[in-house]
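A.B. asks: Quick one: structure below, then a few questions.
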Amino acid sequence: QVQLVESGGGLVQTGGSLRLSCAASGSIFVINGMGWYRQAPGKQRELVAVITRGGIINYADSAKGRFTISRDNAKNTVYLQMNSLKPEDTAVYYCNAEVAPTYNSRWYDYWGQGTQVTVSS
């Protein structure tokens, strides 16, 4: 089993910043992609940003220029630096990781429990 533990959410004013962290632990041989998704009330979960083990990054249009994703492969941790936050960024943010638990095994998809980000106007 693999656990993803997120931290760093909270309440911030418009224009403020937050840094989310997500640490993976458990039966891990290697992690491929890691990323952040979010789900606002009444809406579907959507991609925010993803990063491969080699550092290839993809951002949602809403995140470009304001958010920065990074990872520390040695720590199995992914980060999301969020700047210039807007009320429409309010959502529960979920961490995702694609994990191989042993050598030559298939990939398994894991999710964190979510962390609330609230941006007040």
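A.B. asks: Each residue of segment 49-54 in turn: what ³J(HN,Hα) in whole Hz from Karplus with 6.51, -1.76, 1.60 and θ = phi - 60°, glycine and Pro shown as x?
C.D. replies: 6, 9, 9, 7, 4, x
A.B. asks: Right, next: Calculate one ³J(HN,Hα) per residue across segment 69-84 by plugging θ = phi - 60° into the Karplus curve 6.51 cos²θ - 1.76 cosθ + 1.60, and present them in order as whole Hz with x for glycine and proline.
C.D. replies: 9, 8, 8, 10, 5, 5, 9, 6, 10, 10, 10, 9, 8, 10, 10, 6
A.B. asks: Summarise the long-distance tail of P(r) for segment 1-57 by giving the % of C-alpha pairs beyond 19 Å.
C.D. replies: Tail of the P(r) past 19 Å holds 45 percent of the pairs.
A.B. asks: Related question: Would you mind computing the Rg to Rh ratio of the chain from its alpha-carbon coordinates, Kirkwood style for Rh?
C.D. replies: Rg divided by Rh gives 0.98.
A.B. asks: Moving on. Starting from segment 84-121, pick out the chymotrypsin sites (Phe, Trp or Tyr not before Pro) whose DSSP state is loop and whose Cβ has at most 14 other Cβ atoms within 10 Å.
C.D. replies: Sparse-neighbourhood loop chymotrypsin sites (Phe, Trp or Tyr not before Pro): Tyr103, Trp107.
Laboratory data are not the source of any read-out in this text; all were calculated from the coordinates shown. From a predicted model like this one, the values you see are computed outputs, not experimental measurements. Note: ideal-geometry Cβ built from the backbone for every residue, glycine included; neighbour counts use all protein chains shown.
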